[in-house]
Every structure is written in structure tokens, then in C-alpha cells.
Amino acid sequence: MDLQPSLTIGILTSGGDAPGMNACIRSIVRTGLANNARVLGVYNGYEGLIDGEYRPLGARDVGGILQRGGTILQTRRSSRFMEKTGQRDAIRKMNEAGMDALIVVGGDGSLHGAQALHEQGVRVIGIPASIDNDIWGTNIAIGVDTAMNTIMDAVDKLRDTASSHSRAFLVETMGRNSGYLAVMAGIVCGAEVVLIPEVQSTVEEVAQSLENAYKRGKNHSIVIVAEGSGFRATELAKSLDDMDVGFKTRVTVLGHIQRGGSPTAYDRLVASRMGFKAVEALLAGQSGVMTGLKGRGIDLVPIADVIANKREVNMEYYEMAKVLAR
Ligand code: F6P
């Protein structure tokens, strides 16, 4: 005799893609199936939720995706879902499809959407995924570790040229309004200067730091420029060349390379654990919470708290990066 499914769980990825989203989808599908749930993949994020783009996902549908970047469910930034009418239409479509609950994998904007659904009586669990690591309530979001490794690999390569030509390389990183990626990249790449949104710096200060590095006998320098820092690496480089700081400059804007690629072991692990925990939480009757890495465990944090707070950069690490650049 076939058992009736205990629950029909929808899953969507939303906002900027992040490496590890696929590992998370795989974990949700297989954990759901193991618990006799039916899993519906929602395509194209909240846009697809409104338009009813749902397909059942079986264990084999998520085979061979653990190591793939991007998201097999596709993702969108949906302005329609920000409106009450979009949310209402989505809830109607979910009801028509018999979807009892939804797991949202994405960043801050996606979690705002999840909270809106929760407040209208939909059972929702959030999972943080964004290379920016700007989501409150978790030590790390899915995708951050891979992005950091991508930046590190790129800067290691640039350093070969920087040191061969005695140049200063200005490397622009993503992160939106957060300096997290830039600060951590500064440490793991041994950057001489790190420019972040959280600290106002002037061109003169950057020039002074590079000239000091030159005088201390360094044969090259790395400047990490966070995209939200207020500086554009290309313009900054021109100014520095005009000011003659000792090194000639070159610029690399890493851009969307930081969002792609096969997830690291760490991202696969965090994504798998969070997917597993999210299904467990749904089965235990939870709603309106996000999975968050705390210490060694995965906790559940109210999404209302997550979106009411901003994850701040730990400035101790910013100061440490400066000391290590001596
Ligand atoms: O949130 C991830 C992120 O890559 C940010 O770092 C960046 O500011 C933004 O998304 C870029 O968005 P898009 O891919 O829509 O250009």
C-alpha cells in the first residue's frame, strides 16, 4: 500500500545565485523524500511562484548537481513579488498546487519575501545564500566560501604579474554594501590596502599607504576595493598613477566570476546541512525561521529578526589585515 505524502514542500532559489544552492536543493529534495514528503521545484524564484512554474522533483532529478555552481531552479530578482498583489497571486497558485510549505534559498531580499508569506499564514523556512555574507543570524551564508576562494585564486595569479613588474594591482570585489568579502580577502590574499563601505578613506590615504609600502621595500602591492566602498578601481588607479606612489597600477574587476564555479567542500557541507535542517524544521511544525550556522550547529532564527538586523563586518579583522600588511 502506498503511503500518502505527509507534506508537499515547494523550494525556490531567489536573488543572486550562490555556489552551493544546488547542493542545498539536492539536500532538501532527498531529505523530503526520505520523510515521505512530495517536493515541488519552483522555477525562476518568486516570479515562478506567482506564475505557477512548479515541477515535482525526484531523487534522480537532483543527481549530479552537488558539484555544480548556479541553480538548476533558476533565479530572478522579482519586483512583482514585492507588491501585495504578487504575493496574493502566489499564495493562490500554491494552494491550487497543494503546496503546504515553502523553503526559500536566497539573500536578504529573498528573506523579506519569505517573511511576507509567513505573515500571511504560509509555512516558510529560509536558508541564507549570498556571496556577500551580509545576512544577520548566521556565521556564514551559502556561497561565501567559494567566492572567497575564487578571489584568493585570482589574486594569487595577479600577484605573479604584480611582483614580476613591481606593480600595484587594484582588485575590485563584490559584496554590495558589505565589506565582508573585501576584508577577508585582504587577509587571505595579504593585501596592502582594503577599501570597504564601512570605513571612509581618501585617495591621499591610499596613495600614502602604497608609497609607504614602496619605501618599506615591497616590490608590489595589492589593493582590494569593495564595490560598495565609494571608489571605482579604474578611477582610483588613474589618480594613483598621477600621484606617483612608486608602483605603477593595473586594475582587475572580478565581477560575476565571484558568483560562479563549483562549490567548495565547506559550501557543499553547509548547504547540505541547512537543507536537511530546513526540512526537519518544517516537519516539526516550524515556520518563519531561517537556518543559521552558530558555533558547530545549525540553529533556527526568526526571519523577522534576520531582516530587522544587518550583519556587521567584524572590524577586528579589518585592523588585523592592516597589521599583517606590514
Ligand atoms: O548579492 C550578490 C551580488 O553579487 C552583489 O555582490 C552584487 O552587488 C550584486 O549581487 C550584483 O547583482 P546582479 O547579478 O543582479 O548584477
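The values are calculated or read from the model by the stated rules, or taken from the named source; none is laboratory data. None of the values given here were measured: they were computed from a predicted structure. Neighbour counts are summed over all protein chains in view; Cβ atoms, including those assigned to glycine, are modelled from backbone coordinates with ideal geometry. The protein model used for the area step is the full one, side chains on, heavy atoms only, and it has no ligands, DNA or RNA in it. Shrake-Rupley method; radii C 1.70, N 1.55, O 1.52, S 1.80 Å.
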Quiz item: Pick from 267, 134, 241: which is most flexible by mean-square fluctuation in a GNM of the chain where alpha carbon atoms under 10 Å apart are linked?
Solution: 241
Quiz prompt | Electrostatic dipole magnitude of the range 147-259 [Cβ: Lys, Arg +1; Asp, Glu -1; Cα centre; debye, to 20] | solution = 280
Quiz item: Mind checking the dipole of the chain: about its Cα centre, +1 per Lys or Arg Cβ, -1 per Asp or Glu Cβ, Debye to the nearest 20?
Solution: 680
Self-check item: Farthest positive-ward along the chain dipole, Cα basis, beta-carbon charges - from 146, 185, 304
Solution: 146
Self-check item: Heavy-atom SASA rank of 198, 83, 316 (probe 1.4 Å, accessible area, largest first)
Solution: 316, 83, 198
Quiz prompt | D_trans [Stokes-Einstein, Kirkwood Rh over alpha-carbon pairs] for the range 147-259, 20 °C, 1.002 mPa s, µm² s⁻¹ | solution = 158
Quiz item: Most fluctuating residue of 181, 158, 12 in a GNM of the chain with Cα springs under 10 Å: which is it?
Solution: 158
Exercise. Would you tell me the accessible area of residue 266, worked out with a 1.4 angstrom probe on the heavy atoms of the protein chains, in Å² to the nearest 10?
Key: 100
Quiz item: From the residues 229, 270, 195, which one has its Cα farthest along the dipole of the range 195-289 in the positive direction, the dipole being from +1 and -1 charges on Cβ of Lys/Arg and Asp/Glu about the Cα centre?
Solution: 270
Quiz prompt | Reachable aspartates and glutamates from residue 310, criterion Cα separation under 16 angstrom, eight or more residues apart if same chain | solution = 108, 132, 134, 198
Quiz item: Taking the Cα atoms only, what angle lies between the long axis of helix 233-243 and the longest principal axis of the chain, rounded to 10 degrees?
Solution: 10
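Given the DSSP H assignment, sum -39500 (n - 2.57) over each helix run of at least 4 residues in the chain and divide by its residue total; what's the result at 222 nm in deg cm²/dmol, nearest 500?
-13500 deg cm²/dmol
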Exercise. Could you state the angle between the C-alpha long axis of helix 265-283 and the longest principal axis of the C-alpha atoms of the chain, as a value from 0 to 90 degrees rounded to the nearest 10?
Key: 30
Quiz item: Just 203, 313, 301 to compare: in a GNM of the chain, with alpha carbon springs under 10 Å, which one fluctuates most?
Solution: 203
Practice problem: Could you work out the local net charge near residue 297, counting Lys and Arg as +1, Asp and Glu as -1, over the other residues with Cβ closer than 15 Å to its Cβ? | Solution: +2
Quiz prompt | Among 208, 164, 58 - extreme Cα towards positive end, dipole of the chain, charges at beta-carbon | solution = 58
Practice problem: Using only the C-alpha atoms of the chain, find the volume of their convex hull and express it per residue in Å³. | Solution: 124
Quiz prompt | Sum of side-chain charges, residue 43 neighbourhood, beta-carbon under 13 Å (Lys, Arg +1; Asp, Glu -1) | solution = -1
